[in-house]
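K.L.:
Just dropping this structure here.
The values are calculated or read from the model by the stated rules, or taken from the named source; none is laboratory data. Keep in mind that this is a model prediction, so the values were computed, not measured. Ideal geometry is used to build each Cβ from the backbone, glycine not excepted, and the neighbour counts take in all protein chains shown. Ligands, DNA and RNA are excluded from the accessible area calculation, which covers all protein heavy atoms including side chains. Shrake-Rupley method; radii C 1.70, N 1.55, O 1.52, S 1.80 Å.
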Amino acid sequence: MPEQKQLFALSGVSCAGCVRKIEGAVESVPGVSEAKVNLAEKTLTVVGNANRERCIQAVENAGYGAAPAKEDPRKQREQQKAEDLRHYRQLLWRCGFALALGIPLMAWGLVTGEMSVHTPAQQLAWGVVGLVTLAVMVFCGGHFYTGGWKAFRHHSANMDTLIALGTGAAWLYSMLVVLFPGMLPEAARHVYFEASAMIIGLINLGQALEVRARGKTSAAVEKLLELQDTSARVLRDGEEVDIPLDQVQPGDRMRVRPGEKVPVDGVVRVGSSLVDESMLTGEPVPVKKSEGDYVSAGTFNKNGTLIFEAEKVGAETRLSQIIEMVRAAQNSRVPIARMADQISAIFVPAVMVIAIVAALVWFNFGPDPKAAHMLVVLISVLIIACPCALGLATPMSVMVGVGKGAEHGVLIRNGKALQQASDLDTLVVDKTGTLTEGAPKLTDIETDLDDNELLGLLAALEAGSEHPLAEAIVDAAKDKELTLAQVEDFEAITAHGVRGRVDGKVVLLGNRKLLQRENIDPGKWPARAEALAAKGRTAMYAAVDGDAVGVIAVADPIRDDARAAVARLQKAGLRVQMLTGDNRATAEAVAKQLNIDEVHADLQPEDKETLVAKLQREGRKVGMAGDGINDAPALARADVGFAIGAGTDVAIETADVTLMRSSLHGAADAIELSRATLRNIKQNLFGAFIYNTLGIPIAAGVLYPFTGALLSPVIAGAAMAFSSVTVVSNANRLRFFRPSQVKGVQS
């Protein structure tokens with residue numbers, strides 16, 4: 001049976017170590033082929049045919065909580081927002097209670113300088129404070145201790161382990177001072193209850209701010225979800241009935257009034273209107289829709305009433321598939337994250353070893369009071385080194401970057417494509433449908449006959465053909481309202497052209513090879529054909545009853561924005577090359593208009609793939625942009641394939657990036673976004689590495705010989721708490737990304 005995807009909401013997940021532990025536990029369940037945890041959203045995606053309950057049990061056995069997520073994306077997001085709000089408020093309460101104890105204690109120490117135990121009265125007073133601190137630790141930080149205990153039971157360590165050890169050591173040492181002060185030198189009889197309370201309060205505050213900031217990273221998916229209507233107006237038995245969207249069936253007819261959203265995908269049967277598709281394609285200009293045109297769920301009907309027939313509903317709509325693709329991409333990992341994953345795997349155990357070694361050094365070689373200095377160093381190293389920021393550095397940026405791409409009509413399939421797009425130095429571009437409109441038009445008729453007479457003969461000959469050039473000839477005849485005769489003995493001659501009998505005349509249309517094949521003298525027409533080809537037009541020879549009677553030319557108009565898009569890509573440092581199956585003269589004429597220096601013409605589909613492979617062997621990072629079935633092999637071969645959204649399903653399925661609007665600007669947008677996202681990821685990773693690289697030695701006391709002071713555990717707690725907030729906030733800067741074309745920076 002085919003593999004299925006199951007989504008679970010997780011609880012108790014706090015760092016990259018948790019991610020690996022859960023994924024490893026679930027992947028050991030029979031039937032699971034892949035398990036992916038999204039640390040930013042705290043969700044688990046399981047691919048395979050495993051039993052749902054066994055997956056949940058595996059997560060629980062690993063020390064965490066899991067529950068099935070809502071199947072409907074909108075309800076799923078509502079569930080997540082409600083859980084985030086509940087968690088946010090809970091963290092604020094915990095923070096408030098902990099700081100309500102910690103701040104007065106710290107103030108007392110700063111004002112009086114009296115945090116030691118020397119008399120029975122002080123023992124009693126600080127004993128009461130110790131019990132209150134214990135209550136605060138249980139109420140406000142209990143989740144750290146239970147999480148640390150679960151990790152210990154499963155022979156692992158995580159962020160909770162470090163917090164539990166650090167704050168627990170501070171409390172236990174302080175209670176030892178309170179209960180048995182005579183066991184310690186007078187200089188070492190200092191209590192650290194304020195450190196335990198303040199650290200727990202500050203970490204809860206940091207996590208609360210992180211939850212709030214993390215909610216903003218899903219803004220793009222939320223906007224997409226808001227495009228989905230909850231009901232539809234269906235025509236049944238001559239009446240209009242409003243029904244829930246999940247009850248709409250393919251074939252239902254629906255009415256959409258001005259100012260309403262289209263509920264599902266379908267085909268217009270009655271009416272015409274301008275439809276705003278910018279939310280799906282990024283294209284700001286509304287598109288006219290009339291009978292026979294396709295409309296998509298989530299688009300906005302502006303000024304007319306449409307009656308359309310539902311074709312795709314539920315999860316099959318274009319909007320639903322976009323949402324699913326975006327969520328899947330947000331859940332994927334970029335290759336650059338492997339380094340962070342590898343470090344995180346050994347980070348917590350390494351920190352515990354460093355903390356113990358540093359504490360022993362201070363206890364054996366440090367100045368008096370040795371025990372107090374040892375404790376401060378132990379707590380500070382354990383607390384400051386929590387790897388939360390390291391675990392969040394990559395997924396947060398990927399989540400925002402992929403979502404931002406969707407806002408601008410750029411659908412990125414996975415994290416690998418997101419990273420590789422930033423490294424591209426060469427972009428090969430298919431001509432037809434990518435640089436040109438993909439809808440050829442008849443531009444020239446040069447003949448010894450009457451223009452309309454020749455056009456009527458050729459249109460009749462081509463009437464049964466589905467070739468784009470044939471359509472251009474037939475459309476031109478229809479525009480002139482010519483009556484077309486029936487064709488007899490029609491024959492398509494591969495790589496040459498067509499022939500047939502029209503009104504008793506033998507008519508041929510094709511390239512010069514066709515005339516040579518039929519032993520027809522081309523006469524004066526080759527010179528005219530070459531002149532037309534030099535203008536970027538495809539010239540074809542026409543013959544009637546064995547005589548060459550003229551040439552006609554068909555051109556595929558260059559897209560209005562193609563030149564600006566090519567210039568923009570070149571300005572971004574990319575080498576742009578054009579690929580086409582068209583003849584060289586036409587290809588070079590188009591390339592000249594677009595300022596493209598490198599042209600590869602007369603190519604078969606396999607030739608395009610071969611060319612991409614050749615460029616890769618030369619050491620180039622190659623992107624491929626195309627829209628047709630014949631582009632699929634090259635799209636698959638390229639480091640990153642860009643499929644024009646108006647193209648074929650085969651091209652879109654093969655590509656790494658789908659451009660929802662039919663413009664090469666989309667590829668430039670994707671590359672700009674990729675570079676911005678990778679820059680953001682590197683900033684986050686650099687910040688997280690620098691934080692821990694500098695923080696651990698400082699906490700261990702390397703500055704003590706120069707300053708005479710050790711890092712306070714409270715300062716260490718504050719630094720750790722806000723390092724994650726810094727990473728999430730930096731990732732959120734990507735929400736303000738706008739492509740240079742949108743900002744008006746035209747090349």
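K.L.:
Determine which single condition residue 532 fails, assuming it passes every other condition in (1) modelled with pLDDT of 90 or more; (2) over 41 Å from the mean Cα position of the chain (by Cα).
P.N.:
Here residue 532 meets the rest and fails (1).
K.L.:
Return the residues of segment 447-482 that are open to solvent by less than 40 Å² (accessible area, probe 1.4 Å) and either farther than 20 Å from residue 502 by Cα or among the polar types (S, T, N, Q) (or both); say none if nothing qualifies.
P.N.:
Across segment 447-482, the qualifying residues are 447, 465.
K.L.:
Being of a type in the set (A, V, I, L, M, F, W, C) and in contact with a Pro (Cβ under 7 Å, 6 or more places away or on another chain) narrows it down to one of 328, 297, 337, so name that one.
P.N.:
Being of a type in the set (A, V, I, L, M, F, W, C) and in contact with a Pro (Cβ under 7 Å, 6 or more places away or on another chain) holds for just one of 328, 297, 337, which is 297.
K.L.:
Write out, first by first residue and then by second, each pair whose Cβ atoms fall under 7 Å of each other, whose residues are 6+ apart or on separate chains, and whose first residue, in segment 555-573, is charged (D, E, K, R) while the second is surrounded by 18 or more Cβ atoms within 10 Å (Cβ to Cβ) and assigned to a loop (DSSP other than H, G, I, E, B).
P.N.:
As it stands, the answer is 556/438; 556/440; 559/663; 561/663; 568/741, since those pairs meet every condition given.
K.L.:
Of the residues in segment 601-615, how many are open to solvent by 60 Å² or more (accessible area, probe 1.4 Å), part of a helix (DSSP H, G or I) and in contact with an Asp or Glu (Cβ under 9 Å, 6 or more places away or on another chain)?
P.N.:
0
K.L.:
In segment 247-305, what residues are at pLDDT 90 or above, of a type in the set (Gly, Ala, Ser) and closer than 18 Å to residue 316 by Cα?
P.N.:
Once the filter is applied, which keeps residues that are at pLDDT 90 or above, of a type in the set (Gly, Ala, Ser) and closer than 18 Å to residue 316 by Cα, segment 247-305 yields 251, 266.
K.L.:
Now a separate question. Restricting to segment 243-275, name every residue that is open to solvent by 50 Å² or more (accessible area, probe 1.4 Å) and over 28 Å from residue 81 (Cα atoms).
P.N.:
Filtering segment 243-275 for residues open to solvent by 50 Å² or more (accessible area, probe 1.4 Å) gives 244, 246-247, 249-250, 253, 255, 257-258, 260-261, 269-270, 272, 274.
Scanning segment 243-275 gives 249, 250, 253, 255, 257, 258, 269, 270, 272, 274.
K.L.:
Also, I was wondering about something else. Listed residues 706, 722; which is surrounded by fewer than 22 Cβ atoms within 10 Å (Cβ to Cβ), out of contact with any Asp or Glu (no Cβ under 8 Å at 6 or more places or on another chain), at pLDDT below 85 and over 30 Å from residue 426 (Cα atoms)?
P.N.:
Step by step, each of 706, 722 is checked, and only 722 is surrounded by fewer than 22 Cβ atoms within 10 Å (Cβ to Cβ), out of contact with any Asp or Glu (no Cβ under 8 Å at 6 or more places or on another chain), at pLDDT below 85 and over 30 Å from residue 426 (Cα atoms).
K.L.:
Given the conditions (1) open to solvent by less than 20 Å² (accessible area, probe 1.4 Å); (2) modelled with pLDDT under 85, report the number of the one that residue 642 does not fulfil.
P.N.:
Condition (2) is where residue 642 drops out.
K.L.:
Considering only segment 25-68, how many residues are within 24 Å of residue 329 (Cβ to Cβ), open to solvent by less than 30 Å² (accessible area, probe 1.4 Å) and outside any helix (DSSP H, G or I)?
P.N.:
Total satisfying the criteria: 15.
K.L.:
Filter segment 448-461 down to the residues that are of a type in the set (D, E, K, R) and farther than 15 Å from residue 551 by Cα and list them by number.
P.N.:
none
K.L.:
Criterion first (closer than 30 Å to residue 418 by Cα and either touching a residue at least 24 places away in the same chain (Cβ under 8 Å) or surrounded by fewer than 16 Cβ atoms within 10 Å (Cβ to Cβ) (or both)) does residue 326 satisfy it?
P.N.:
When the stated conditions are applied, residue 326 passes them.
K.L.:
Something else now. Among the numbered criteria (1) buried (at least 20 other Cβ atoms within 10 Å of the Cβ); (2) under 17 Å from the mean Cα position of the chain (by Cα), which single criterion is violated by residue 735?
P.N.:
For residue 735, the failing item is (1).
K.L.:
Moving to a separate point now. When segment 151-162 is examined, which residues are found to be in a helix (DSSP H, G or I) and touching a Ser or Thr at 6+ places or on another chain (Cβ under 9 Å)? Don't jump to the end; show me each part of the working.
P.N.:
Of the residues in segment 151-162, the ones in a helix (DSSP H, G or I) are 151-153, 159-162.
Of everything in segment 151-162, those that are in a helix (DSSP H, G or I) and touching a Ser or Thr at 6+ places or on another chain (Cβ under 9 Å) turn out to be 151, 152, 159, 160.
K.L.:
Next question. Restricting attention to segment 84-99, does a residue exist that is closer than 28 Å to residue 196 by Cβ, under 24 Å from the mean Cα position of the chain (by Cα), part of a helix (DSSP H, G or I) and modelled with pLDDT of 75 or more?
P.N.:
Within segment 84-99 (the criterion being closer than 28 Å to residue 196 by Cβ, under 24 Å from the mean Cα position of the chain (by Cα), part of a helix (DSSP H, G or I) and modelled with pLDDT of 75 or more), the answer is yes, since at least one residue qualifies.
K.L.:
Okay, next question. Please find, among 584, 537, 559, the residue that is charged (D, E, K, R), open to solvent by less than 40 Å² (accessible area, probe 1.4 Å) and either under 40 Å from the mean Cα position of the chain (by Cα) or on the phi < 0 side of the Ramachandran plot (or both).
P.N.:
Being charged (D, E, K, R), open to solvent by less than 40 Å² (accessible area, probe 1.4 Å) and either under 40 Å from the mean Cα position of the chain (by Cα) or on the phi < 0 side of the Ramachandran plot (or both) holds for just one of 584, 537, 559, which is 559.
K.L.:
Every residue in segment 296-313 that is buried (at least 24 other Cβ atoms within 10 Å of the Cβ) and among the hydrophobic types (A, V, I, L, M, F, W, C), please.
P.N.:
Of everything in segment 296-313, those that are buried (at least 24 other Cβ atoms within 10 Å of the Cβ) and among the hydrophobic types (A, V, I, L, M, F, W, C) turn out to be 297, 306, 308.
K.L.:
Do any residues in segment 118-130 that are surrounded by 12 or more Cβ atoms within 10 Å (Cβ to Cβ) have Cβ atoms under 7 Å from those of residues that are of a type in the set (Val, Ile, Thr) and assigned to a helix (DSSP H, G or I), where the two are at least six apart or on different chains, and which pairs are they?
P.N.:
Hits for this filter: 123/178; 126/178; 127/178; 130/178.
K.L.:
With open to solvent by 60 Å² or more (accessible area, probe 1.4 Å) and in contact (Cβ under 8 Å) with a residue 40 or more places away in the chain as the only criterion, which of 94, 153 stands out?
P.N.:
Just a single option satisfies the conditions, and that option is 153.
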